[in-house]
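Below you'll find the structure, written out as structure tokens, and then a few comments.
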Amino acid sequence: MLQITYSPATTIVPTYGCFNRCGYCSFRQEPNAPWRSLAAVGADLAAAQGLVEILILSGEVAPQNLRRAAWLEHSVAIATLALKSGFLPHSNIGPLTRPEMQRLKAVNVSLGLMLEQLRPDLAVHRHAPSKEPALRLAQLRQAGELQIPFTTGMLIGIGETRADWETTLVAIANLHQTYGHIQEVIIQPFRPNQGVSTVSDADVVAALRLGRQILPTDITLQVPPNLTDHCLLACLEAGARDLGGLVPHDHVNPRYRHPQDLAIRLAAAGYYLVPRLPVYPQYERWLSPELQAHVQRAKAELGAQQPPSQNQ
Ligand code: SF4
């Protein structure tokens with residue numbers, strides 16, 4: 001049986017307000033949207049007992065916005081509260097300055113940012129200043145310089161070509177060759193919350209195959225099972241080995257729920273589903289002693305939850 005991992009997770013959104021206007025987004029609200037209070041976050045955490053990862057996923061606040069520093073500190077406060085409540089935070093809140101990224105590193109076991117596509121002329125990004133590919137690529141480099149375990153990914157079906165996939169994957173591979181910090185790459189098909197997806201199952205599988213060809217073998221390929229429901233086994237055959245955070249509610253793709261019978265379906269096909277932490281073992285040494293202590297505790301709890309056959 002081949003092991004497929006996932007992260008038992010839930011999502012907390014500091015704000016849906018976002019200064020970008022990506023053409024495909026049904027997540028964003030206007031930049032003055034309210035922030036989730038720490039009291040509300042505390043209630044979210046109380047409802048998440050038994051899970052491990054808190055994915056902190058935020059709309060983006062513009063660099064010149066006067067509330068930028070307060071928003072960053074609010075994100076730090078949410079991650080700190082998650083740690084104190086026994087969870088491991090992973091934040092994905094958009095491009096960060098070097099000091100901002102260092103600040104988040106102290107309270108997160110890993111960070112993430114989708115590269116999406118390196119192609120700079122995509123119509124869907126025309127009104128999204130922070131989707132500038134060079135800026136995103138610089139973020140991946142900065143995370144490598146700061147030794148931050150990192151998740152990135154490619155969003156397919158947003159107007160790019162298959163040649164663009166190769167450019168994007170090669171760029172990720174090159175950065176990883178230099179810094180060794182990319183723990184996983186998500187291959188995410190764009191699925192509209194209204195209307196029909198233009199990404200075929202064959203596209204998803206082809207992107208995964210290309211990813212497996214181009215990316216170093218120590219980078220895990222991830223697919224979201226709620227967005228690849230009809231081709232999940234083909235995705236695994238093409239090299240996907242992780243299903244990401246199996247969250248109760250996908251805030252970005254609310255129309256797509258995670259399949260409930262994943263473990264049974266995978267077992268029937270010769271795979272077994274194993275929970276993992278939001279930091280991969282080879283990166284624990286990059287974490288502060290305090291974060292390492294949180295990771296050890298979470299590891300013990302996760303191990304205790306698993307049946308003996310999955311504990312090897
Ligand atoms: S940056 Fe994210 S939240 Fe903001 S508009 Fe784009 S996809 Fe939506």
- Run down 162, 126, 191 and say which single residue is over 21 Å from residue 218 (Cβ atoms), touching a helix residue (DSSP H, G or I) at 6+ places or on another chain (Cβ under 8 Å) and touching a residue at least 12 places away in the same chain (Cβ under 8 Å). 162
- Task: Name every residue in segment 182-214 that is in contact with a strand residue (DSSP E or B) (Cβ under 7 Å, 6 or more places away or on another chain), surrounded by 16 or more Cβ atoms within 10 Å (Cβ to Cβ) and more than 22 Å from residue 7 (Cα to Cα), in order of residue number.
- Result: 199, 203, 207
- Query: Is it true that residue 256 is within 16 Å of the ligand (Cβ to nearest atom), in contact (Cβ under 8 Å) with a residue 40 or more places away in the chain and out of contact with any Pro (no Cβ under 7 Å at 6 or more places or on another chain)?
  - Reply: yes
- Message: Of the conditions (1) within 13 Å of the ligand (Cβ to nearest atom); (2) within 25 Å of residue 248 (Cβ to Cβ); (3) in contact (Cβ under 8 Å) with a residue 60 or more places away in the chain; (4) among the hydroxyl-bearing types (Ser, Thr, Tyr), residue 58 satisfies every one except a single condition; which number is it?
- Response: (3)
- Query: Just checking, which of 66, 72, 96 is surrounded by fewer than 14 Cβ atoms within 10 Å (Cβ to Cβ), over 23 Å from residue 249 (Cα atoms) and either within 21 Å of the chain's Cα centre (by Cα) or away from the ligand (no atom under 13 Å from the Cβ) (or both)?
  - Reply: 66
- Among residues of segment 225-246, those that are away from the ligand (no atom under 16 Å from the Cβ) and either outside any helix (DSSP H, G or I) or farther than 18 Å from residue 191 by Cβ (or both), counted: 15
- Query: Of all the residues that make up segment 215-232, how many are surrounded by fewer than 17 Cβ atoms within 10 Å (Cβ to Cβ) and not acidic (Asp, Glu)?
  - Reply: 3
- Item | segment 235-264, subset among the charged types (D, E, K, R) and touching a strand residue (DSSP E or B) at 6+ places or on another chain (Cβ under 9 Å), residue surrounded by the most Cβ atoms within 10 Å (Cβ to Cβ) | 242
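Rule-based calculations on the coordinates, nothing more; no lab input. Because the structure is predicted, anything quoted here is derived from the model rather than measured. For neighbour counting, all protein chains shown are included, and Cβ atoms are generated from backbone atoms with ideal geometry for every residue, glycine included.
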